[in-house]
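Asks: Sharing a structure with you now.
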Amino acid sequence: MAELPDLTVFAKTLNKRFKGKNLERLEIKVAKKINVTGKELKTALEGEKLVQVTREGKTLQLHFSKDQVLGIHLMLRGELVLLDQENQEPKFEILGFHFKDGTGFAVVDLQKMATPTLNPEKTTVPDALEMDLPYFSSLLAKKRTLIKTLLMDQHMIRGIGNSYADEILWHAKISPFSVAKSIPEQAVKKLFKSLMLVLEKAIDEISKENGDELTGELRDFMKVHGAKIEKSPTGAIIKSDKIGGRTTYYTDEQEIYS
DNA sequence: GTAATTGTTCTAGC
DNA sequence: CGCTAGAACAATTA
């Protein structure tokens, strides 16, 4: 699925291609996940100008004129595709954005779980790339939960999902089974650095490979998270286990604090 | 036919 | 009561 780095690149690409354009028609194929009726959404957005696209945690936010904002959460299988002459109605379409100049893009999801939200409420939970070390370290200090569970908790930090949590923990050489408050200060600092580094590097790589396209996930550079990966770059056997029902990949190189 | 997939939300339990 | 862990759910593919 798309996680923070993918979404950051999607936002960038959408800005490059569609910023400033006027939305002529909004095609609504699946309305059941929207927080308003399809009719209300069309009324709110059709005829408005796309002012800017941003990323908020795991959602994309399309800012239109008249202060209308559409948040889009792609959930686990949602994707964005470009529309052109040959491809006006992609498979599994949820929403189709058709601009006045004939260009457009669509949100597709084979599981129909992508969730569009008109004018989503603002939250005070910091985004993974925007939080600072004091926040991160005081958060860890008061939580008894497993570190991986905490990294993925959207009420604490927004943007990190199952796969990048594994990558970040491996990079920091900390076991996902560590208890958050038991991790010593030095290791917390290291984890914070790894978090920023892994995410920023992923944005870079995806951005480079994706160009101006809107292809799905690109994760060839994943080092430990993936059923087909057998060894870490440093040669350690990759083990897998379940944490909170999610498959977790890790190696013995990672220290466990408990 | 069945397991696997994954973020969110709800519920049960300590 | 507050916090944490786990189950349920959505829909499709391998």
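The values are calculated or read from the model by the stated rules, or taken from the named source; none is laboratory data. None of these values were measured; they are calculated from a predicted model. Neighbour counts are summed over all protein chains in view; Cβ atoms, including those assigned to glycine, are modelled from backbone coordinates with ideal geometry.
Asks: Quick one: is A:ASP220 at pLDDT 90 or above and either surrounded by 13 or more Cβ atoms within 10 Å (Cβ to Cβ) or in a loop (DSSP other than H, G, I, E, B) (or both)?
Replies: The answer is no for A:ASP220.
Asks: Looking only at region A:81-126, how many residues end up being within 13 Å of DNA strand C (Cβ to nearest atom) and among the basic types (Lys, Arg)?
Replies: Number of matching residues: 2.
Asks: Being buried (at least 22 other Cβ atoms within 10 Å of the Cβ) and more than 18 Å from A:ASP6 (Cα to Cα) narrows it down to one residue among A:LEU195, A:LEU151, A:LEU140; which is it?
Replies: It is A:LEU140.
Asks: Name the residue that is nearest to the chain's Cα centre (by Cα), counting only residues in region A:59-112 that are under 13 Å from A:PHE18 (Cα atoms) and part of a loop (DSSP other than H, G, I, E, B).
Replies: This residue is A:THR103.
Asks: Name the residue, out of A:VAL108, A:VAL53, A:VAL81, A:VAL69, that is assigned by TED's automatic domain parsing to the domain that holds A:THR13, touching a helix residue (DSSP H, G or I) at 6+ places or on another chain (Cβ under 8 Å) and over 30 Å from A:SER182 (Cα atoms).
Replies: That would be A:VAL53, the only listed residue that is assigned by TED's automatic domain parsing to the domain that holds A:THR13, touching a helix residue (DSSP H, G or I) at 6+ places or on another chain (Cβ under 8 Å) and over 30 Å from A:SER182 (Cα atoms).
Asks: Among the candidates A:ALA202, A:ALA165, which residue alone is closer than 30 Å to A:VAL81 by Cα, within 11 Å of DNA strand B (Cβ to nearest atom) and not in a loop (DSSP other than H, G, I, E, B)?
Replies: Selected residue: A:ALA165, the only one of A:ALA202, A:ALA165 that is closer than 30 Å to A:VAL81 by Cα, within 11 Å of DNA strand B (Cβ to nearest atom) and not in a loop (DSSP other than H, G, I, E, B).
Asks: Would you mind telling me which numbered condition in (1) in the same structural domain as A:GLY244 (by TED's automatic domain parsing); (2) touching a helix residue (DSSP H, G or I) at 6+ places or on another chain (Cβ under 7 Å) A:PRO126 fails?
Replies: Only one criterion is unmet by A:PRO126, namely (1).
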